[in-house]
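Presented below is the structure to which this report refers.
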């Protein structure tokens, strides 16, 4: 994976993700622990939104996708790839570099074959649908078995009838019967743009019914902690609404009455243990 013109070296990966507090894969990609990934399955995009923009990350969310299984969360570690429109002279270099490394199959498979359990393949196909079909049902099946996660593609997929039967979550721009064509791999495990978001290798991918968040590893614990606070706040708020004694503005977003404020603080401390 090293010394290619279209991927980070291990040293570059570490430099560009220097704030990562967790262990790394052999190529240097951040490896957020499985135990933390599992906690993200209870989160929503709003809970990430409450933390990231105010901490210098206003461009980590992308939406407008078609979602293969709208009720299914997508959680995992990003493996990124970027494709460009085909250009023969550049593609000669890309092809030679891949051959030197022993890669086989189509250039999309070069990336797919690097996936690990828990990975989410995140691909910039610049919104291309016809001829921008990253995967069909066979490659989707392979990804499902290998990663137990899914795919985010700013482009297309094919064989939608077959893919829809698989237990894999995919965010995509559209479906088309054409095979992938007139494209070349510009980079993988490098920064990519998905919609209005910048995605780095190893980001935590959180997808829900609205869209997808890409969370830098060093922000993971802060997002999880804030989500726990939010959950307790929402739980207490609804309990008070259930009593039928208060106007919404008495309770939400913060109780105005000092006694209610104290009641909430006691509830929060009891629930969070702090």
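Just so it is clear, none of the values below were taken in a lab; they were calculated from the coordinates. Computed from a predicted structure; not experimentally measured. Cβ coordinates were reconstructed from backbone atoms using ideal geometry, including for glycine residues, and neighbour counts include every protein chain displayed.
Points to keep in mind about this one:
- Full-stretch length increase - residue 225, residue 93 - with 0.36 nm per residue and alpha-carbon distance subtracted: 42.9 nm
- Based on DSSP H segments of at least four residues, each scored -39500 (n - 2.57), the chain has a per-residue ellipticity at 222 nm of -10000 deg cm²/dmol.
- Choice from 210, 165, 47 showing the highest fluctuation, given a GNM over the chain with Cα pairs closer than 10 Å: 165
- Helix 258-272 and the longest principal axis of the Cα set of the chain meet at an angle near 50°.
- Projected label distance in nm at residue 256 and residue 14, using a 7 Å step from Cα toward the beta-carbon: 5.7
- On Cα atoms only, tilt of 220-242 relative to the major axis of the chain in degrees: 40
- Among (1) 1.14; (2) 1.26; (3) 1.03, the entry derived from the coordinates for Cα Rg over 2.2 N^0.38 Å: (1)
- Of the residues 57, 241, 83, the one that moves most in a GNM of the chain with alpha-carbon contacts below 10 Å is 241.
- Segment residue 104-residue 193, extension gain: residue separation times 0.36 nm, minus the distance between their alpha carbons: 29.4 nm
- Distance between the 7 Å Cα→Cβ label points at residue 178 and residue 24: 3.9 nm.
- Remark: the residue 73-residue 241 segment gains 57.6 nm on full extension, using 0.36 nm per residue and subtracting the alpha carbon distance.
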